[in-house]
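Contents: one structure, followed by commentary.
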Amino acid sequence: MLLNFTFIGLMAPVFTIFDKDSSINTEKIPNYANYLSESGIHGILVHGTSGEATSLSVRERKDLAQAWSETVKNTSQHLMVQVGGCPLPDVLELAKHAEEIGADSILCMPELYFKPKKPRDLINYLKHVSDAAPNTPLLYYHNPGHTGVNIDMAQFLEESTNQLPTLKGIKFTSNDLAAGYAALKAAGGRFTVFIGGDLLLAPAFALGFDSAIATSINIFPSYATGILEAVKMSDVAKAQGLQENLTAAMKIIRSFGPKVPTTKVAMNYVSPINVGHARAPLENLSEEQSREMRLSLGGYLKY
Ligand SMILES: *[C@@H]1O[C@H](CO)[C@@H](O)[C@H](O)[C@H]1NC(C)=O
Ligand SMILES: *[C@@H]1O[C@H](CO)[C@@H](O)[C@H](O)[C@H]1NC(C)=O
Ligand SMILES: *[C@@H]1O[C@H](CO)[C@@H](O)[C@H](O)[C@H]1NC(C)=O
């Protein structure tokens with residue numbers, strides 16, 4: 001069977017919505033999906049870093065993926081489900097489940113304890129995932145800052161050709177744009193490479209990337225759509241201006257602490273969707289920090 005991965009463009013790595021008691025909330029998912037769809041975002045990544053996948057049980061991950069799969073039937077958004085970050089038997093169970101619920105693609109982190117050292121190790125690991133969901137396009141999640149696994153992505157893609165029949169691309173979350181570009185051009189450019197950094201959207205699109213998955217797409221979707229559109233229209237000044245403002249806003253948000261708790265607070269202020277707080281082991285911002293962020297973000301609240 002020939003598997004096609006046809007999604008091009010912007011995908012939101014959605015937050016997991018927690019209620020006050022830290023239980024998962026699936027009821028707000030249709031509103032969340034509609035808000036993104038109306039903002040021009042036609043791709044959803046469930047269980048990425050922003051989704052706190054590694055803080056959820058297998059049962060919760062299945063329930064959330066299932067809820068999103070039902071919702072995207074209404075919104076016609078592409079659904080990508082990240083299945084890694086847990087013991088291999090659970091990874092394979094999640095991959096099978098993603099295929100059963102009709103996910104359009106699967107994303108997978110590397111093994112986090114017996115870490116792969118070379119492309120071959122990673123290919124062997126992903127082969128298990130590919131076999132568990134043989135009818136669903138697979139992408140690898142490269143995020144060395146979080147995983148500590150920093151395999152050369154161009155080399156990995158070259159070596160995986162004809163080895164991993166379902167592999168269709170990667171999510172490249174690193175500020176090493178030269179390495180990302182090499183991955184984009186690897187194996188004759190046959191793989192999709194999603195750029196994963198909020199601060200590198202304009203330069204990446206200018207280099208020829210056409211797809212991104214970045215946290216800010218949840219909070220300020222109009223920056224990413226505006227930058228992509230400006231680059232397509234060869235309006236460099238506009239792309240630079242929008243990137244400058246997005247970078248400034250993200251810098252304010254991140255000055256209050258680690259990425260997920262701070263971006264969730266920003267999401268709750270800026271967007272119409274309240275995603276609640278982060279779950280342990282991440283720590284919440286204090287009320288005072290949250291108020292201060294709101295004041296500092298004043299000029300960006302319209303987005
Ligand atoms: C999908 O849309 C139908 C018709 O509007 C609605 O009844 C249903 O609740 C929606 N389902 C989800 C999961 O959004
Ligand atoms: C960036 O922000 C400044 C200050 O808020 C604003 O004047 C400018 O129009 C913004 N630039 C773009 C391209 O949106
Ligand atoms: C963060 O706040 C939420 C809701 O107020 C709470 O349920 C959760 O336990 C808090 N997380 C931590 C790590 O304190």
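General remarks:
- Residue-level accessible surface for M267, protein heavy atoms, 1.4 Å, Å²: 0
- R190 accessible area, 1.4 Å probe, all protein chains in place, Å² to nearest 10: 150
- Note on the chain: with charges restricted to the Cβ of Lys and Arg (+1) and Asp and Glu (-1), its dipole about the Cα centre is near 340 debye.
- Using 0.36 nm per residue and subtracting the Cα-Cα separation, the extra length available between L112 and I8 on full extension is 34.6 nm.
- Residue-span extension gain [Y269 to H128] - 0.36 nm each, minus C-alpha spacing: 46.6 nm
- Part-to-part distance (alpha-carbon centres) for the stretch 23-59 and the stretch 158-183, which is given in Å: 25
- Surface accessible to a 1.4 Å probe, per residue, for the residues of the chain, Å²: 44
- Cβ-Cβ distance of V58 and D235, R₀ of 41 Å, FRET efficiency by 1/(1 + (r/R0)^6): the value works out to about 0.35.
- Once the chain from S296 to A206 is taken as fully extended at 0.36 nm per residue, the excess over their C-alpha distance is 29.4 nm.
- For S22, neighbours were defined as the other residues whose beta-carbon sits under 14 Å from its Cβ, and their charges (Lys and Arg +1, Asp and Glu -1) total -2.
- Relative packing of 137-145, 231-239, which averages over residues the other C-beta atoms within 10 Å, highest first: 137-145, 231-239
- Zone of K20's modelled label, taken as backbone nitrogen in the stretch 272-289 under 14 Å from a point 7 Å along Cα→Cβ: 276-277
- Under 17 Å from the H146 label point (7 Å along Cα→beta-carbon), backbone N, the stretch 269-303: 277-284
- At q = 0.13, 0.22, 0.24 Å⁻¹, base-10 log of I(q)/I(0) for the stretch 175-230 (Debye sum, equal scatterers on each alpha carbon): -0.30, -0.80, -0.92
The values are calculated or read from the model by the stated rules, or taken from the named source; none is laboratory data. Bear in mind that the values here come from a model prediction, so they are computed numbers and not experimental data. Cβ coordinates were reconstructed from backbone atoms using ideal geometry, including for glycine residues, and neighbour counts include every protein chain displayed. Each accessible area value is taken on the protein alone, full model and side chains, heavy atoms only, with ligands, DNA and RNA left out. Shrake-Rupley method; radii C 1.70, N 1.55, O 1.52, S 1.80 Å.
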